[in-house]
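Nothing in this text is a laboratory measurement; each read-out follows from the coordinates by a stated rule. Note that this is a predicted model, so its numbers are computed, not measured. Cβ sites come from the backbone with ideal geometry, for glycine too, and all protein chains shown count toward neighbours.
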Amino acid sequence: MATKAIYPGSFDPIHRGHLDIAAAAAKEYGKCIIAVGVNDTKTVLFDAPKRVEIAKEAVRFYQTYYAKDEHLDIEVISYQGYTVDAAIEYGCTHIVRGTRGAADDDNEKRLYYVNQKLLKIRFREDIEQVLFKASEQYSFISSSDAKKLCAGGQYILAMSYVLPPTHNELMKIYLERDFHQAFRENWWQGFAKHFEGRAYHNLSHIAYMINRLNIYHRQGAIFENILFLRQAIFYHDIKETEEASAEEIPGVSQRHRDMVMATKHLDGKPQNLSGDAQVIHDLDLAILFDEDNYTDYMFCVREENLKCSKAAYIEGRTAVLDRLIESIDYGIFPSEKREKAISLMKAEKAVLKLLP
Ligand code: ADP
């Protein structure tokens, strides 16, 4: 008999642990429907249509890059009312939930009990409820912790919780506060819209740099002008070229221009960098030694260039990596980070042909 699973939850927003369970359920039952519950009594960050949109995009990213050859059948829907009724409506044979351990178990037992009674009244005890155990690596991940980390400015760590497109959605909400520290003006909406449709050079990349800047600052670093530096970080990728990006900075000065130009890496390392220009240069390239996030970075750069044929992408990306491997040099990070970056870039070169 054909089987089909429904995986209900709030998914506010969907995270890596959720996707892991949905993938396991799709493998086990042939199809998994991620069912986003509309529950008016719960306080949520994203409304139901947005949670569905975010989940769909995360599933697409997961299928394209994480499970490229697995052909997983995962659909996303939203539902109101009882899970058992949604399961019946969608013709599901199994209701799947996930558990990270004792803290989830009590809640899941309670839900199991209620669902079992509700199924009985509907003469549908043939629908089975199953509890999937979280994979070890995701067993400490929750949507609420991802949101708390973002609220605390820990944008980089939040990347380990959610997939890149979801992270960018979180940044639309949480990065705004840091932006106001840099500008104290009401420009955010107009600013943020420039990054729509970009998979790497987007708000997540800016957040990554701001998070590293804040850490460096707390460690006691001295800057020429940290306000200008923040402004240059926010604007350095807003347009197609660095030259044009700099001119978008409200009240642009030569100091801003020098900093934005320090993020131009295509002609090799910019020469004679000093002070804050060196800092922004290093922050922009810090992802290259970040072994925890490099794989997603690699996927996102490909995603941003999906309109290139695979052959053209491999050729162009190889040239970029060769230039960076040749010239990469950090001023503010420990010297072993350069070696790390070179080894990660060489590893990327070796797997370029496996990308979509
Ligand atoms: P709910 O508000 O219904 O608990 P969630 O979106 O928080 O919805 O979670 C949906 C389901 O996924 C729940 O069964 C939850 O226990 C499970 N879950 C949450 N986080 C993880 C994780 N890291 N690994 C596996 N399952 C998880």
Review point. How much net charge surrounds Pro334 when only the other residues with a Cβ under 13 Å from the Cβ of Pro334 are counted, with Lys and Arg +1 and Asp and Glu -1?
Key: -1
Revision key, fill the gap. Eigenvalues of the alpha-carbon gyration tensor of the chain, times 5 and square-rooted, give semi-axes in Å, largest first, of 43, 22, 17
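Given the DSSP H assignment, sum -39500 (n - 2.57) over each helix run of at least 4 residues in the chain and divide by its residue total; what's the result at 222 nm in deg cm²/dmol, nearest 500?
Result for the chain, helices only: -16500 deg cm²/dmol.
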Practice item. Starting from 0 in steps of 5 Å, tell me what percent of the Cα-Cα pairs of the range 177-308 lands in each bin. Key: 2, 10, 20, 24, 23, 14, 7, 1, 0
**Study point:** the range 86-190, dipole about Cα centre (Lys/Arg Cβ +1, Asp/Glu Cβ -1), debye to the nearest 20
**Key:** 240 debye
Exercise for review: Rank Phe228, Phe11, Phe183 by mean-square fluctuation in a GNM of the chain with C-alpha springs under 10 angstrom and give only the top-ranked residue.
Suggested key: Phe183
Practice item. Could you check the simple spin-label distance between His217 and Glu128, using points 7 Å along Cα→Cβ, in nm with one decimal? Key: 5.5 nm
